[in-house]
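The values are calculated or read from the model by the stated rules, or taken from the named source; none is laboratory data. It should be emphasised that the depicted structure is a prediction, and the values quoted were computed from it without experimental measurement. Backbone-built Cβ (ideal geometry, glycine too); neighbour counts: all protein chains shown. With ligands, DNA and RNA removed, areas are computed over all heavy atoms of the protein, side chains included. Shrake-Rupley method; radii C 1.70, N 1.55, O 1.52, S 1.80 Å.
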Amino acid sequence: MSGSPRELPVKERIPLKSIRRTMAQSMKASVDNSALSQVTREIDMTALQQSRKENLADKSKKTSLNTLVMAAVARTLPQHPMLNAELVDREILVYDAVNLGMAVATPDGLIVVVIPGAHLMTLMELSAAIEAKVEKTRNGSLSLKDVEGGTFTVSNLGMYGIDTGFPIPRPPEAAILLVGEARAKPTVKDDEIVIREIAWFSLCYDHRIIDGAMAATFLKDLDEFIGEPSTLFD
């Protein structure tokens, strides 16, 4: 095939399709226009896993681990309004609703679908909303309404065996949370070494409006929520 501008042989030329082109432009804008920083925390997922397994027999409460994490995030965010905000000129716009974005992998690239008002949903309402958006992603029937208006995004890469990373917020959102794989690890709990399901949670944020203490406190509160997951099933 024809060569490249660097005069190297090219095996294939792949057009940058609209989805991936939009994603590329968005991520470049995020890096150019934000002061990105990151905090990470190991979170014990054991109780969340156990609660999910205990409720599998009840079809009215059967759901995925990812949905449980999304629910915990949606209920933690209202206590941390600066993470549910954006910077416009010289004003910080703090949003009332948690319109939760969820990254979904497709053959054409990553798509973030948005669940409006996720903080007001019951667990099963959130589960149904997520399933509907994933189905629309798979059958190619997403509309602009399905992907716009997000205020915070969760990208769960645990199913790919990823531990942690440096996610980039999707403009104009100020933060994004990357969730890694929950792995069985020896952990000290109550002065004893026990095996627990531990996952890394990596929060990348715009340091212009969110400082390290805000980001760390959000992860701390999310940790506590995940550690006591019974209220998610209410």
So what is the 222 nm mean residue ellipticity for the chain from helices alone, if each DSSP H run of at least 4 adds -39500 (n - 2.57) and you divide by all residues, rounding to the nearest 500 deg cm²/dmol?
-10000 deg cm²/dmol
Compute the semi-axes of the equivalent ellipsoid of the range 98-198, taking the square root of 5 times each eigenvalue of the Cα gyration tensor, and list them largest first in whole Å.
29, 16, 14
Under unit Cβ charges (Lys, Arg +1; Asp, Glu -1), what dipole magnitude, rounded to 20 debye, does the range 125-234 have relative to its Cα centre?
520
Accessible carbon and sulfur surface of the range 47-125 relative to its total accessible area, %, 1.4 Å
52
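If you average the sequence gap of Cα pairs under 8 Å that are 6 or more apart and divide by the length of the chain, what percent do you get for the contact order?
Reported as a whole number, the value is 28 percent.
Could you give the size of the charge dipole of the chain about its Cα centre, using +1 on the Cβ of each K and R and -1 on the Cβ of each D and E, expressed in debye and rounded to the nearest 20?
Magnitude of the dipole: close to 1000 debye.
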Going by average Cβ neighbours within 10 Å, how do the peptides 181-188, 200-207, 89-96 rank, with the highest at the top?
200-207, 181-188, 89-96
antiparallel share of DSSP beta bridges within the chain, to nearest 5, in %, is 80
Is any helix in the chain, taking whole DSSP H runs, at least 18 angstrom long along its axis by alpha carbon and on average at least -0.5 on the Kyte-Doolittle scale, and which ones?
123-139, 212-227
Given a cut-off of under 8 Å on Cα pairs at least six residues apart, what relative contact order in percent is computed for the range 132-192?
30
Please enumerate, by chain and number, the lysines with C-alpha under 20 Å from the C-alpha of K28, excluding those fewer than 8 residues away in the same chain.
K17
Which entries of K61/K133; K53/K185; K61/K136; K53/K136; K145/K220; K62/K220 show an alpha-carbon separation above 25 angstrom in the structure shown?
K53/K136; K145/K220; K62/K220
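Note the full-extension length gain between K11 and S143 as 0.36 nm times their separation in residues minus their Cα-Cα distance, in nm to one decimal.
44.1 nm
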At 7 Å along the Cα-to-beta-carbon direction for both T106 and I92, put a label point, then send me their distance in nm to one decimal.
3.4
Please compute P(r) over all alpha-carbon pairs of the chain, binned at 5 Å starting from zero, and give each bin as a whole-number percent.
1, 6, 13, 17, 19, 16, 11, 7, 4, 3, 2, 1, 0
Taking the Cα centre of the chain as the origin and placing charges on Cβ (Lys, Arg +1; Asp, Glu -1), which of G149, L110, T76 is farthest toward the positive end of the dipole?
L110
Taking the Cβ of G150 as the center, what net charge do the other residues with Cβ under 11 Å away carry, scoring Lys and Arg +1 and Asp and Glu -1?
-3
